[in-house]
Structure formats: structure tokens, C-alpha cells
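Asks: Pasting a structure here, questions to come.
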Amino acid sequence: MTNTKASSSAPSLGLLILRVVVGAIFAAHGAQKIFEFTLPGTIGSFAGMGIPLPEIAAPIVAFVELIGGLLLMLGLFTRPVGILLAIDMIVALVAVHLPAGLWVGEGGYEFVAVLGAAALALAFTGAGRFSVDGAFLRGRAPAWLS
């Protein structure tokens, strides 16, 4: 028989794994845009893909991905960060990857769709118990924030 009243750490452990992996991927992509491609290179790439206002969009995307990814890994401000990263991926999907179809090997949207869905799931669920949000913000901040 299962004790349904006992609190389980399994959901929070699952969220921790999801946050760390997804956050690391976002942070790596943001760092790549800033340090490897450089911001001028990323701006040029965005311009070449037809992204409107690439001089504004490229730095915003790069820093949202880098800082947002790091915050996800920590589990800090998980809900608003998840929303920002999901929006980032929706724009990437629609503006760049959708015409290429599903498969990432052909420039398709499968990777950005999974990252966007994971970020949105974290926005809905929050960070879980094993997070900065869980340790310091629960009960001290509005639910939409942590």
C-alpha cells in the first residue's frame, strides 16, 4: 500500500534535472552568441536570417539565453525566466526554423520546440524544492515569481 500523504521529493528532483540540463543548454547558446560568434557576428547572422531590428534583437536574445539559462540552473526567478525563454524559442521557431520542417539536421524546429516546451513547463510548474526559489522565495514572493 502507498502512503499518499507522504511528501515525495521525486517531482522536485525531476524539476532539478530538467532545470539544470535546459538551463545549461540555454546558457551555452547565449555564451556562444556573445563570446564565440561575438555580438557583431550574431547581429549579422540575425540580419541574414531576416530577424527584424537585429541590432536590438541579437543582444537581447544572447543575454536572455545566457543569464536566463544560469538562473534556470539555480532555480531563481524560474517562472518569469521560463516565460522569456519560451518566447525566445517561439520566435526562433516561427521566424527561422518552421520553413525547414521538423528535423534539426535540416535546420528544422525540433530542438527549439523541445527547449521552448521545457521552458514553458518550468514557467507553469516553478523550480521545485531543490532551488533558490524553493529555499528562499517560497512564501516570501508572489507565486508567479517563484
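Asks: Please determine whether any residue of the stretch 69-89 is farther than 20 Å from Thr125 by Cβ, of a type in the set (A, V, I, L, M, F, W, C) and surrounded by fewer than 20 Cβ atoms within 10 Å (Cβ to Cβ).
Replies: Checked against the condition, which is being farther than 20 Å from Thr125 by Cβ, of a type in the set (A, V, I, L, M, F, W, C) and surrounded by fewer than 20 Cβ atoms within 10 Å (Cβ to Cβ), the stretch 69-89 yields no hits at all.
Asks: For the list (1) free of Cβ contacts under 8 Å to residues at least 60 places away in the same chain; (2) surrounded by fewer than 18 Cβ atoms within 10 Å (Cβ to Cβ); (3) in contact with a Leu (Cβ under 8 Å, 6 or more places away or on another chain), I need the number of the one condition that Glu65 fails.
Replies: (2)
Asks: Conditions first: (1) under 24 Å from Leu18 (Cα atoms); (2) open to solvent by less than 20 Å² (accessible area, probe 1.4 Å). Thr42 passes all but one, so which condition is the exception?
Replies: (1)
Asks: Please pick out the residue among Leu93, Leu98, Leu102 that is in contact with a Gly (Cβ under 7 Å, 6 or more places away or on another chain), open to solvent by 60 Å² or more (accessible area, probe 1.4 Å), aliphatic (A, V, I, L, M) and more than 30 Å from Arg129 (Cβ to Cβ).
Replies: Matching residue, one of Leu93, Leu98, Leu102: Leu102.
The values are calculated or read from the model by the stated rules, or taken from the named source; none is laboratory data. Keep in mind that what you see is a predicted model, and the values were worked out from it rather than measured. Cβ coordinates were reconstructed from backbone atoms using ideal geometry, including for glycine residues, and neighbour counts include every protein chain displayed. These area figures cover heavy atoms from the full protein model, side chains too; ligands, DNA and RNA do not enter into them. Shrake-Rupley method; radii C 1.70, N 1.55, O 1.52, S 1.80 Å.
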